[in-house]
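Below: the structure, in structure tokens.
The values are calculated or read from the model by the stated rules, or taken from the named source; none is laboratory data. All of these numbers come straight from a predicted model, not from anything done at the bench. We place every Cβ from the backbone using ideal geometry, glycine too, and count neighbours over all the protein chains shown.
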């Protein structure tokens, strides 16, 4: 019997997957939580609720341009890639299809 298909094996795989997801996303969730903290240093318990850090981000032109420039670059790359990769519908090459059938028989 395959261990992964058994009831206990499936439970272990699901548990392991859940632990990996928590390990990956917990630091991001904690950073988002601390971004609303009123204190200068990240520590528990949280001292208060503030949007000060987001206001600082929106006011600082260097930080805004650091976010806007790569976004503009990504849009340009996507548009150029779409134009180059879709010349029209592709037709299958019949000579290759027939050759494979003949060689495979």
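Numbers below:
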| item | result |
| --- | --- |
| Members of the stretch 26-57 that are assigned to a helix (DSSP H, G or I) and either surrounded by 11 or more Cβ atoms within 10 Å (Cβ to Cβ) or touching a helix residue (DSSP H, G or I) at 6+ places or on another chain (Cβ under 6 Å) (or both) | 30, 33, 34, 35, 52, 53, 54, 57 |
| Test for residue 93: is it closer than 30 Å to residue 27 by Cα and modelled with pLDDT under 80 | no |
| First in the stretch 26-37 and on the phi < 0 side of the Ramachandran plot and at pLDDT below 85, second anywhere and surrounded by 10 or more Cβ atoms within 10 Å (Cβ to Cβ) and part of a helix (DSSP H, G or I), Cβ under 7 Å, 6 or more apart | 35/53 |
